[in-house]
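Everything below concerns the one structure shown next.
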């Protein structure tokens, strides 16, 4: 059977604009959660979030593609930047990289891939429309009671004036199609193999990685760019999560303490944004080109809870099932797991359900860590960033700490301090979408013999 | 060893009918599901018509069910379609939740479902009411205050594209692999293909697969009108979608859902399920060309078609019918024709091709699912539905499009193509089941 390994990591997160910077933040227990500054959120009961530091998308795309940055919603920009980071880290001289380096690979350690053998599978969320852009168009067709007049929206009363609808850019819709994360990345890097967009909230990236990994195992591709990206730091995202009662309303004065996964004093999560992209590759292909191997993908599984949105199984059954299936797929026993990265939705009832499932799974629960306390919940990017961090930890044999789990729930062994070096063999990464989809990925330290 | 995958049940809710037989009869009769838009007042829009699901009655028990009340239009469509498929497959009543001898973790779901629609009143009112003409920006403090009072939590979350699969998993106690993909107009073909792979690999015995979507709402039609992708023949809506015709001028937006029960062959035989057809081939590719246009030579489409043939172990001569993506836009139909010629070579001229979008409209994310169902019915009844509204030949589209009248034919293996905005291409091959 064809084995699949991770040969590149890319990330943009509240902790930094690269996988390396983000990882350093995670390792040194920095917090990326702060007061929202991209818009005035003061009328919201929770006004803190994990925001990505300022960046310019045009600096991460080839010159010939800069115009296209205008039709990228923020979610797309984040994915494009993370993909650039991942492709460079894997030393893949894709179309975009070749153009930026004058047509030739930067040096002979770079590999020029066959475009038809490269896939792209990047998870996405429900992309929010730019409110200012849309409202500016809508006010041209407003009724006196502030509703939108559909009679005026499509055609203006005054033939001299363009209508409300016409004030929107012709390509307006394309900014908001979830598959545009994968599409822009596939165009920039010329990936013509199997391409997909999974939209399963927090489980998206693991499901995307699983699917792409299977296409490589079957022989339909040799390489794939996988992950997820989303920005929930948007008035619509914040409004939705506020109405669903998911957010911590008590920590506006102390943002870095707001998101407290698996902590007895957890009061809810915070929204976030980011993207994570990994380069996954067939082992022999990676070895032939001398690629750096971060980790091996050993086990994959997914399942659904069959429960209403946001509800948890009191015994953590779906979490237990998905974890067991991933371990069986990897032919690994619970005692072989050196680190667990659980869903960490940072919601008291979901975290408690996780604790029940974890205790049922392990006689002796392995070390647990999660970056959620440091970055919040970036939706479809969340498991992508977990996977990037897991790959980095395996590669460097370092254990990163969880922020704000000061009094761990149900005596879970949550890691409070970084450990360097630390023996890591297998990391089990679990995710739960609020809508009930679960994804489990088992990454192992790469060894020649399996 | 990979497991064989068969289709044991089907259901749909479409502009041409809310059950399999009604809509199939209408497709064979060349009937159009297109009419002036009723979902909202579209009279000022460049396009005033669409293929809506008409006179639809949500099953009353769903409206009162704790699990499914106040959900989106598209989610009701897909629940209904899935119930039809589940029943046809002879699976136990969803209420008998333990459904012995089925293991819930062996029943998965893979849909290509679209997002729900915005809460139009709440959205427009809070935005317009807080617009500051002086600054040319929204007053965010006012917007936040008003929005938290105006929007409804459930209505908002039901717009997430992961929600239809969540409702299906509750309805059928399906706890196996659960995924939704949203690759624009290719989504549900891709969902069916990937669901097939999940069963082939042994990760599920049954997959509930297909898609659902409704973009017939003010901002959906706005988006496609701004792209100038829709036909604007407002005075003859039923003639507006003309795939492969020289006078074609855009697609007609539709809505609806289609669901198929895909099943491990051994499992289906073991429970003596009706076997309607077999999924034998799946191919997927990306154009990697432009966000707005297909590759002019249909590079990605050719690759998807070739991959599907290879996967099925078939050659072009084995394909008896192609259910085309056939949107009725200038670009798609000539590119698709070109791609079929490249992939099929000399056989391109012999294979009948038709587009049901000429009657059904374009169901966007759900299009591939209703087209796959059509392929199965074509095999069942040995008759090919026509491409309606075809009258003026286009030199760029010079293949056999089964114009205007259905055609009796020997149909063993069929191909269904779907191509999405952004360059995603997916092809499925479905075959008559032989032991």
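FYI, it's all coordinate maths here, none of it is from the lab. As the structure is a computational prediction, the values presented were derived from the model and not from experiment. With ideal geometry, Cβ positions are generated from the backbone for all residues, glycine too; neighbour counts draw on all protein chains shown.
What to note about this one:
- Mean sequence separation of contacting Cα pairs (under 8 Å, at least six apart), scaled by the length of chain B, corresponds to a relative contact order of 24 percent.
- Pairwise inverse Cα distances across the protein assembly as shown, averaged and inverted, put the Kirkwood hydrodynamic radius at 27.0 Å.
- Among B:223, B:202, B:129: highest mean-square fluctuation, GNM of chain B, C-alpha pairs under 10 Å: B:129
- Calculated P(r) tail over 43 Å for chain A, as whole % of Cα pairs: 13
- Largest first, the extents of the alpha carbon coordinates of the stretch B:217-273 on the three principal axes equal 54, 29, 18 Å.
- Diffusion constant of the stretch A:242-330 at 10 °C, which comes from Stokes-Einstein with the Kirkwood Cα-pair radius and 1.306 mPa s, µm²/s: 92
- Size descriptors for the stretch B:160-208, from the alpha-carbon set: Rg then Dmax equal 11.0, 29 Å.
- With helices as the sole contributors, the protein assembly as shown gives -9000 deg cm²/dmol at 222 nm; each DSSP H run of n ≥ 4 counts as -39500 (n - 2.57), and the sum is divided by every residue.
- In whole angstrom, the stretch B:244-304 maps to an equivalent ellipsoid with semi-axes of 35, 18, 11, each derived as √(5λ) from the alpha carbon gyration tensor and ordered largest first.
- With neighbours defined as other Cβ atoms within 10 Å of a residue's Cβ, the residues B:207, B:303, B:1 order from fewest to most as B:1, B:303, B:207.
- Overall shape of the stretch A:357-407 was characterised from the C-alpha gyration tensor. The equivalent ellipsoid obtained from it has semi-axes of 19, 15, 12 Å, in decreasing order.
- Residue order for A:241, B:12, fewest other beta carbons within 10 angstrom first, comes to A:241, B:12.
- Per-selection Kirkwood Rh - chain B (Cα, Å, 1 d.p.): 21.8
- Size of the stretch A:124-173 as Cα extents on the principal axes (Å, biggest first): 40, 25, 15
- The separation of the stretch A:182-238 from the stretch B:209-252, counted between C-alpha centres, amounts to 29 Å.
- Gaussian network model of chain A, Cα within-10 Å springs - most flexible of A:124, A:433, A:418: A:418
- Alpha carbon centroid spacing (whole Å) that separates the stretch B:129-171 from the stretch A:313-364: 33
- Taking every Cα-Cα distance in the stretch B:45-202 and sorting them into 10 Å bins from zero, the calculated P(r) comes out as 9, 29, 30, 18, 10, 3, 0 percent.
- Computed across the stretch A:377-447, the Kirkwood radius stands at 13.5 Å (inverse of mean 1/r, all Cα pairs).
- For the stretch A:165-289, the fraction of C-alpha pairs more than 24 angstrom apart is 47%.
- Ordering of A:194-201, A:64-71, A:33-40 by burial proxy (mean other Cβ atoms within 10 Å per residue, highest first): A:194-201, A:33-40, A:64-71
- Note on the stretch A:321-450: semi-axes of the ellipsoid equivalent to its C-alpha gyration tensor, largest first and rounded to whole Å, are 20, 17, 15.
- Kirkwood-based Rg to Rh ratio, the stretch A:197-238, C-alpha trace: 1.15
- Whole-number percent relative contact order across the stretch A:200-260, with pairs defined as alpha carbons under 8 Å at least 6 apart: 22
- Number of partner chain Cβ atoms within 10 Å, mean per residue of B:194-202: 2
- Whole-angstrom Cα spans of the stretch B:292-435 along principal axes, big to small: 44, 33, 31
- Computed on the stretch A:300-377, the Cα convex hull volume stands at 95 Å³ per residue.
- Ratio Rg/Rh, restricted to the stretch B:250-341 and using Cα atoms, in which Rh is the Kirkwood radius: 1.05
- 10 Å-binned pair-distance histogram of the stretch A:20-85 (Cα, whole percent): 17, 38, 33, 12, 0
- Note on B:215-223: average number of Cβ atoms from other chains within 10 Å of each residue's Cβ is 4.
- Alpha-carbon centroids, the stretch B:297-316 and the stretch B:383-398: separation in whole Å: 23
- Our summary gives the stretch A:131-172 a relative contact order of 37 percent, counting only alpha carbon pairs under 8 angstrom and 6 or more residues apart.
- Cα Rg over Rh - the stretch A:135-201, Kirkwood: 1.22
- Its residue count N sets the reference 2.2 N^0.38 Å, and the alpha-carbon radius of gyration of the stretch A:1-115 equals 1.28 times that reference.
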